[in-house]
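*Asks:* What follows is a single structure, and I will ask about it in a moment.
The values are calculated or read from the model by the stated rules, or taken from the named source; none is laboratory data. Just so it is clear, the model here is predicted, and its values are computed rather than measured. FYI the Cβ positions are ideal-geometry reconstructions off the backbone, even for glycines, and counts take in every protein chain you see.
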Amino acid sequence: MNRKYRKTIIAGNWKMNKTPSETKEFMTAFKGMMPKGRWCDVALCVPAVCIPAAVRAMRETRVGIGAENCNANASGAYTGEIATNMLVDAGCKYVIIGHSERRAMGETDADVNAKVLAALEAGLIPIMCCGETLEQRESGITSEWIAMQIKAGLQGVSEDKIRKVVIAYEPIWAIGTGKTATPDQAEEVCEHIRTVVRKLYSSKNARAISILYGGSMNEKNAFELLAQPDIDGGLIGGASLVPEKFLQIINAANQPTA
Ligand code: PEP
């Protein structure tokens with residue numbers, strides 16, 4: 001983390017877990033635990049039907065609610081899809097884009113790019129995900145692959161909007177597997193992502209952009225991962241479903257830094 005230049009963000013990704021009633025229960029418990037002092041930014045990205053309950057519960061707090069996906073089109077014949085202006089109107093601040101689980105369902109880099117542009121246009125903060133498979137890592141192409149995903153995802157994002165984008169590095173082999181990247185492995189790729197952003201934009205923009213790590217981050221390993229200079233927070237799946245665990249990760253993000 002480097003709080004001088006950029007935001008620290010702890011974001012939960014609930015995936016397809018919790019009903020609206022369970023959302024209310026979580027939020028009530030979580031609100032009761034929230035410390036009074038200064039906090040890093042906190043986001044909870046929840047299933048679409050849980051957004052109203054989450055927004056209602058977190059209205060007076062500093063927790064921003066997010067969606068887990070969006071459609072890039074403004075409106076029209078896209079049965080089952082949700083447009084960015086609908087998310088804004090529902091009270092969302094964030095939207096996860098290009099999660100590997102959605103890419104596995106057929107989402108392409110071009111889709112990711114269109115969604116990032118639509119999210120920015122609507123005033124949402126896109127949390128754009130990238131990450132390599134174990135096979136790609138073992139064949140030594142992680143850096144090229146990540147650079148390609150970042151370049152494709154950010155195409156057409158202007159100089160004045162780039163700082164609104166949050167990038168999440170999520171090695172696919174670490175998501176939901178309990179196999180966390182080591183702090184060195186995670187830092188190496190997050191630093192590389194910052195270099196890619198520097199080349200695409202500028203040093204100032206690269207220094208200001210928040211880059212998160214995701215992949216089995218939990219209350220035990222968060223402190224060490226978040227102590228890395230280029231890891232500005234976490235995108236957390238499993239551990240964000242339990243208020244106590246999520247809070248411990250937030251506490252780890254509020255650690256003193258050099
Ligand atoms: C995720 O879903 O983005 C994720 C990182 O999941 P987990 O923390 O469960 O590995």
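*Asks:* How many residues, within the stretch 99-108, are more than 10 Å from the ligand (Cβ to nearest atom) and assigned to a helix (DSSP H, G or I)?
*Replies:* The total comes to 2.
*Asks:* Under 15 Å from the mean Cα position of the chain (by Cα) and within 30 Å of GLU187 (Cβ to Cβ) - does that describe any residue in the stretch 16-39? Full working, then the answer.
*Replies:* Going residue by residue through the stretch 16-39, those that are under 15 Å from the mean Cα position of the chain (by Cα) are none.
Checked against the condition, which is being under 15 Å from the mean Cα position of the chain (by Cα) and within 30 Å of GLU187 (Cβ to Cβ), the stretch 16-39 yields no hits at all.
*Asks:* Here is a list of conditions, (1) modelled with pLDDT of 95 or more; (2) surrounded by fewer than 18 Cβ atoms within 10 Å (Cβ to Cβ); (3) within 27 Å of ARG62 (Cα to Cα), and PRO256 meets all of them except one; can you say which number that is?
*Replies:* (1)
*Asks:* From the residues in the stretch 222-244 that are surrounded by fewer than 24 Cβ atoms within 10 Å (Cβ to Cβ), in a loop (DSSP other than H, G, I, E, B) and not β-branched (Val, Ile, Thr), which one is nearest to the ligand (Cβ to nearest atom)?
*Replies:* Result: GLY237.
*Asks:* Starting from residues that are polar (S, T, N, Q) and away from the ligand (no atom under 16 Å from the Cβ), keep the ones in the stretch 69-81 and report whichever is farthest from ILE211 (Cα to Cα).
*Replies:* Per the criteria, the residue is THR79.
*Asks:* If you don't mind, another one. What are the pairs with Cβ atoms under 9 angstrom where one residue, in the stretch 168-185, is more than 19 Å from GLU144 (Cβ to Cβ) and modelled with pLDDT of 95 or more and the other, located anywhere, is part of a loop (DSSP other than H, G, I, E, B) and of a type in the set (Val, Ile, Thr)? Sequence gap at least six, or different chains.
*Replies:* Sorted first by the residue in the stretch 168-185, then by its partner, the pairs are PRO183/ILE231.
*Asks:* Something else: Is the stretch 82-98 home to any residue that is within 16 Å of the ligand (Cβ to nearest atom), surrounded by fewer than 15 Cβ atoms within 10 Å (Cβ to Cβ) and either part of a loop (DSSP other than H, G, I, E, B) or in contact (Cβ under 8 Å) with a residue 40 or more places away in the chain (or both)?
*Replies:* no
*Asks:* Looking at (1) surrounded by 21 or more Cβ atoms within 10 Å (Cβ to Cβ); (2) closer than 20 Å to LYS7 by Cα, find the lone condition where GLY153 falls short.
*Replies:* (2)
*Asks:* Which condition number does ASP111 fail, the rest of (1) touching a Gly at 6+ places or on another chain (Cβ under 9 Å); (2) among the acidic types (Asp, Glu); (3) within 16 Å of the ligand (Cβ to nearest atom) being met?
*Replies:* Going through the list (1) touching a Gly at 6+ places or on another chain (Cβ under 9 Å); (2) among the acidic types (Asp, Glu); (3) within 16 Å of the ligand (Cβ to nearest atom), ASP111 breaks only (3).
*Asks:* Quick one: which residue in VAL55, VAL63 is away from the ligand (no atom under 16 Å from the Cβ), closer than 17 Å to LEU235 by Cα and free of Cβ contacts under 8 Å to residues at least 60 places away in the same chain?
*Replies:* VAL63
*Asks:* Sticking with this structure for a sec: State whether the residues of the stretch 15-31 include one that is touching a strand residue (DSSP E or B) at 6+ places or on another chain (Cβ under 7 Å) and within 16 Å of the ligand (Cβ to nearest atom).
*Replies:* No, because not a single residue in the stretch 15-31 is touching a strand residue (DSSP E or B) at 6+ places or on another chain (Cβ under 7 Å) and within 16 Å of the ligand (Cβ to nearest atom).
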